[in-house]
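Taking it in order: structure first as structure tokens, then the write-up.
The values are calculated or read from the model by the stated rules, or taken from the named source; none is laboratory data. These numbers come from a predicted model, not from an experiment. Here the Cβ positions follow ideal geometry from the backbone for every residue, glycine too, while neighbour counts run over all protein chains shown. Just the protein is used for accessible areas: all its heavy atoms, side chains included, with ligands, DNA and RNA removed. Shrake-Rupley method; radii C 1.70, N 1.55, O 1.52, S 1.80 Å.
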Amino acid sequence: QVQLVESGGGLVQPGGSLRLSCTASRSTFSLISMGWFRQAPGTQRDLVARISSSGITEYADSVKGRFTISRDNRSNRLYLQMNSLKLDDTAVYYCNKLSQFWPWGQGTQVIVSS
């Protein structure tokens, strides 16, 4: 059973930065396209950034130019650098494959507040 563990969230002021990390307990991690998802209270879980096994990235319009997704296949880790954070970025952030999801981790809470 694959385990996903997200970390790095916290409370930050608008305009601030955070770096999220995700560790996957799966040796085939390097072969799989991965994504960062977020879910705000009362909303559905949405994909905000994705990265292919070779490092090609795509972003939702809402985070383009502010967030950067990256991966370290040697350590089975996924990262999300979040800059210029806005109030609307407040959510629980999760990592996972892009389809046929692994069991979801606990997520990491990001709160953007002044």
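Brief remarks follow.
- Of residues in the stretch 1-21 being open to solvent by less than 20 Å² (accessible area, probe 1.4 Å) and farther than 15 Å from Asn83 by Cβ, the one modelled with the lowest pLDDT: Val2
- Scanning the stretch 95-106 for residues that are touching a residue at least 12 places away in the same chain (Cβ under 8 Å) and surrounded by fewer than 22 Cβ atoms within 10 Å (Cβ to Cβ) yields a total of 7.
- Qualifying residue in the stretch 94-101 (condition: in a helix (DSSP H, G or I), of a type outside the set (Lys, Arg), within 15 Å of Leu4 (Cα to Cα) and out of contact with any Asp or Glu (no Cβ under 7 Å at 6 or more places or on another chain)): no
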